[in-house]
Amino acid sequence: MSSACSIRVRGVVQGVGFRPYVYRLARANTLAGWVLNGEEGVEIYLEGSATRLRSFVQDLKTQPPPAASMAEITVYPAHPVGLNDFTIRQSQRRERPTVRISPDLAVCDACLKELFDPADRRYWYPYINCTNCGPRYTIVLGLPYDRPYTTMRDWPLDEYCGVQYGDPANRRFHAQPVACPGCGPGYSLHRSLHLSLHCGDEVAHGSEQSIRAAVQLLNHGNVLAVKGLGGYHLACDASNPTAVRALRGRKYRKEKPFALMASNIEVARNLVELAEDATGLLMSKARPIVLAPAKSELEGVAPENNELGVMLPYTPLHFLLFAAGAPEVLVMTSANRSSEPIAYEDEEALDRLSEIADAFLIGERPIARRVDDSVTRAGVFGPVILRRARGYAPGAVATFPNARPILAVGADLKNTITLVVDGQAFVSQHIGDLSDFQSLRAFQETIQDLISMYEVRPEDLLVVHDSHPQYASTAHALALGVPQSLAVQHHRAHVASVLAERGEWQTDVVGVSLDGTGYGDDGSIWGGEIFVGSVRGGFERVVHLRSASLPGGDAAAQYPVQAAAGFLTQLNDLPDITAAPFGFSDRYQKAVDLVHKDVRTFVTTSTGRLFDAAAALVGFTRQVTFEGQAAMWLEQLARNAPLVEPYPFPYAGGELDFRPLLRSVVDDRLRGRNIREIARAFQRGLGQGLHDALIAICREHNLSIVVLSGGVFQNELLLEDLKSMFQSEPIAVWTNHAVPPNDGGISLGQAALAAFARFDCSA
Ligand code: ZN
Ligand code: FE
């Protein structure tokens, strides 16, 4: 008796060796039928004995291929048609593709073994890959995921690769980027036109020769532009201060920490303290940069910072560089000038980086889209993603309960966009700061990219943007000309992002959004807000930081002393802040004048600026050179202090009052107390005050879940304090794990709130 069934599998199931796996499983169970990549996922038809069909489905569910991530398996009964064997059928193109594109995958152990096996055809071949590993999102030009729709379309397979590609028993069966030195792209080394090389190498040809020559340059202290998966890196010897200084100078990057690549896990362990969960992140398939406490200092790599950002090699090329004798710790920073996005096109890279890099190690395979390295931390509440890009994007991060197609365009800093199709929320890679022209272009490209990849018709979309009237993202969203658009308040989006990750749509929570800058309901600059409500019902603001002035508006974020002026003018009997030990510059006095005359002065509840004010009082009186620097500096200072009594940060009448907190900082500074202890007491005070307020709010509203989001919660010390304070309370604390707590998570939160927004006819 023959039975039959159809199976549809959704999730990350294309380009991960799924069809060959199904093929082998069907053959092993002596089942006939076929498998193909459809637009909604993998489709399987099977016929054979009912018992064998059941065991097939059981195996499919319990032992999927390693790189796959199945979201849904649906089995439908069917009528046997009398097939004799099992085949892999041509992909179908039908309506809208809703299959998920796999993020890029680190090279697998089997490929690494071949890479270093002199008898293997792909010995030393930098583009080795198989169905379990290699590029995906960064080579996809369209769906379904098949070679003609990837950036490998210009390299026809030779016989060797063709046989493997066509052999269901082979690890490279239908591996779309498969290639070998005989037929595939290679790497070559090019001299920069603007700088002379220090060791007189000729331009090298051939992958192996080029890689070896590049390593020579690295060992001689040169800066190398290296084409990777989602863009170019700038690489140099991390233990060579001259090279690191040269890179900083040429890149106009004064102090922002550089990411490092350690040749292997042991080297990483010598570099940073790696707890078990941090090791797990570091070695995970996504291979992100992991921030961890530094064990030793590398001059110029991360000035005034206790943490280093470290990653492990993830492409065959990285392994080859180290095998060829590259320094065991390399600076591997996104190749760009200052705040521009990472360069990913060869001509663009040669043009933009020619005054930074001494030489270019260029791979021929084009990059379909720019994707930076992801940045993570093993936090006290679980993993934190600070920048979500390579290895994670464009994975779905949430399943929405309704099917309305939504495009959420995020915020202007640390921009990401979210596209919701058929209830799946896909979050783009980190795009960056939209005030930069290149980033704005990347933003527009990414929107087009996702919309066309998932074949969404713009006229069907609900477009969601921040309520800030001057955001570039808002202007672009409105210019898309879609029939429906919706503005979502920034800090509500932060809170909603945590709940969307968890699929908590109805749950009432106390939502805390401590942040740098966001446009508030009343037109003032918010960033210290506590809400009560749910994604479905909306969030009501119940408590906020006491309002302060912000002289000069957003520009104050550049100058902690300027931000401080807006807070300190509320303190009585203030000593002369321009004198020792404070030594504030003229900028402070000018800002105070602005506040008193109420000229170019805005109202703010920004906790980010409160941190800046505290940092200024403790000694960070210069201009910041990257976003959040002063607050990071204060956190690092506090980390090195013993546990101290918290400063008072009282909560009354719907306000958290910063005055006693700053008063304490001022007084202790005048007394000459150690600045580490002051920083610690400030941080703990902020945490304690927030905790006490949250307990009161939970009681008042009969709630037991607290949600924390917003840029301030990148502060791990604050989270540690809160964790220990909440330990003894019957209250759950939820934070972001799939999207960043910073503005990188805004687009997901916007989409979530929009999914439940009610419209009359047209909004
Ligand atoms: Zn592989
Ligand atoms: Fe924000």
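The values are calculated or read from the model by the stated rules, or taken from the named source; none is laboratory data. Since the model is a prediction, treat every value here as computed from it, not as a measurement. Note that we place each Cβ from the backbone using ideal geometry, even for glycine, and neighbour counts take in every protein chain shown. Surface areas here come from the heavy atoms of the whole protein model, side chains and all, with no ligands, DNA or RNA. Shrake-Rupley method; radii C 1.70, N 1.55, O 1.52, S 1.80 Å.
For the stretch 687-763, which trypsin sites (Lys or Arg not before Pro) are in a loop by DSSP, counting at most 15 other Cβ atoms within 10 Å? Mind dumping the intermediate values first?
On the way: sites: Arg699, Lys723, Arg758; in loops: Arg758.
Sites meeting the loop and neighbour criteria: Arg758.
When you take every Cα atom in the chain, what is the radius of gyration, and what is Dmax, the widest Cα pair distance, in Å?
Calculated on Cα positions, Rg and Dmax stand at 27.3, 94 Å.
Which value, in debye to the nearest 20, describes the size of the charge dipole of the stretch 431-572 about its Cα centre when Lys and Arg Cβ atoms bear +1, Asp and Glu Cβ atoms bear -1, and nothing else is charged?
320
I need the phi-derived Karplus couplings for the stretch 726-742: 6.51 cos²θ - 1.76 cosθ + 1.60, θ = phi - 60°, integer Hz, Gly and Pro marked x.
These are the phi-based 3J(HN,Hα) values: 8, 3, 8, 9, x, 10, 8, 10, 10, 10, 6, 10, 9, 10, x, x, 7 Hz.
Ignoring everything except DSSP H segments at least 4 long, calculate the 222 nm mean residue ellipticity for the chain; use -39,500 (n - 2.57) per segment, divide by total residues, nearest 500. If you can, show how the numbers build up before the last one.
On the way: 21 runs with 236 residues, N = 763.
Using -39500 (n - 2.57) per qualifying helix, the result is -9500 deg cm²/dmol.
By per-residue mean of other Cβ atoms within 10 Å, what is the highest-first order of 525-536, 735-746, 664-675? Can you show the working numbers first?
Details: 525-536: 24.3, 735-746: 27.2, 664-675: 16.0.
Ranking, from highest mean packing down: 735-746, 525-536, 664-675.
Gln484's amide H: which non-local residues (gap 5+, or another chain) put their own amide H closer than 5 Å, with H modeled 1.01 Å from N in plane and none for Pro or chain starts?
Here the answer is Val463, since their amide H atoms fall under 5 Å of that of Gln484.
Could you do me a favour and compute the accessible area per residue for the chain, 1.4 Å probe, result in Å²? Kindly include the intermediate steps, with their values, before the conclusion.
On the way: 28300 Å² over 763 residues.
Normalised by residue count, the accessible surface of the chain is 37 Å².
Tilt of helix 675-701 relative to the longest C-alpha principal axis of the chain, in degrees (0 to 90, nearest 10)?
Approximately 80 degrees, to the nearest ten.
Would you be so kind as to identify which of Ala403, Val12, Ile385 lies farthest towards the positive end of the dipole of the chain, taking Lys and Arg as +1 and Asp and Glu as -1 on Cβ and the Cα centre as origin?
After comparing all options, I get Val12.
Counting only pairs 8 or more places apart or on different chains, how many lysine pairs in the chain have C-alpha atoms closer than 21 Å?
Details: Lys61/Lys285; Lys113/Lys285; Lys227/Lys251; Lys227/Lys285; Lys251/Lys414; Lys254/Lys414; Lys256/Lys295; Lys256/Lys414.
For the chain, the number of qualifying lysine pairs is 8.
With a ≥ b ≥ c the root eigenvalues of the C-alpha gyration tensor of the stretch 283-356, is it rounded (a/c under 1.5), prolate (a/b larger than b/c) or oblate? The partial results should precede the final answer.
Values: a/c = 1.74, a/b = 1.26, b/c = 1.38.
Taking the square roots of the gyration eigenvalues as a ≥ b ≥ c, the stretch 283-356 is oblate.
For the stretch 3-88, with only Lys/Arg (+1) and Asp/Glu (-1) charged at the beta-carbon, what is the dipole magnitude about the Cα centre, in debye rounded to 20?
240
For the chain, what is the charge dipole size about the Cα centre, in debye to the nearest 20, if Lys and Arg each add +1 at the Cβ and Asp and Glu each add -1 at the Cβ?
Details: 71 positive and 84 negative charges, 174 e Å.
Dipole size: approximately 840 debye.
Taking all protein chains as present, what is the carbon and sulfur share of the accessible area of the chain, in % to the nearest whole number, probe 1.4 Å?
Details: 13790 of 28300 Å².
Within the chain, the accessible surface is 49 percent carbon and sulfur.
With the dipole of the chain worked out from charges on the C-beta (+1 for Lys and Arg, -1 for Asp and Glu) around the Cα centre, which of Tyr160, His701, Cys133 lies farthest toward the positive end?
Result: Tyr160, furthest along the dipole toward the positive end.
Report the normalised scattering of the stretch 3-88 as log10 I(q)/I(0) at q = 0.11, 0.22 Å⁻¹, calculated by the Debye formula with identical scatterers on the alpha carbons.
For the requested q values the scattering log ratios are -0.24, -1.03.
Residue-wise, which Karplus ³J(HN,Hα) couplings in Hz belong to the stretch 516-527, taking 6.51 cos²θ - 1.76 cosθ + 1.60, θ = phi - 60°, and x for glycine or proline?
The phi angles translate into x, 9, x, 6, x, 4, 9, x, 8, 8, 8, x Hz.
Pull up all non-local amide H partners of Phe658: gap of 5 or more, or a different chain, and H-to-H distance under 5 Å with H placed in the peptide plane.
Amide H to amide H, under 5 Å and 5 or more residues apart or across chains, Phe658 pairs with Arg546.
How do the peptides 408-417, 11-20 rank, highest first, by the average count of neighbouring beta carbon atoms within 10 Å per residue?
Numbers: 408-417: 27.4, 11-20: 25.1.
Highest mean packing first, the order is 408-417, 11-20.
Taking amide H atoms as placed 1.01 Å from N in the peptide plane, list the residues 5 or more away in sequence, or in a different chain, whose amide H sits under 5 Å from that of Gly379.
It is Val384, by chain and number.
Karplus couplings for the stretch 396-402 from phi (6.51 cos²θ - 1.76 cosθ + 1.60, θ = phi - 60°), rounded to Hz, Gly and Pro as x?
Residue by residue, the stretch 396-402 yields 6, 10, 7, 10, 8, x, 10 Hz.
Per-residue counts of other Cβ atoms within 10 Å, averaged by peptide: what ranking do you get for 256-266, 271-281, highest first?
On the way: 256-266: 19.7, 271-281: 16.6.
Those peptides, ordered most packed to least, come out 256-266, 271-281.
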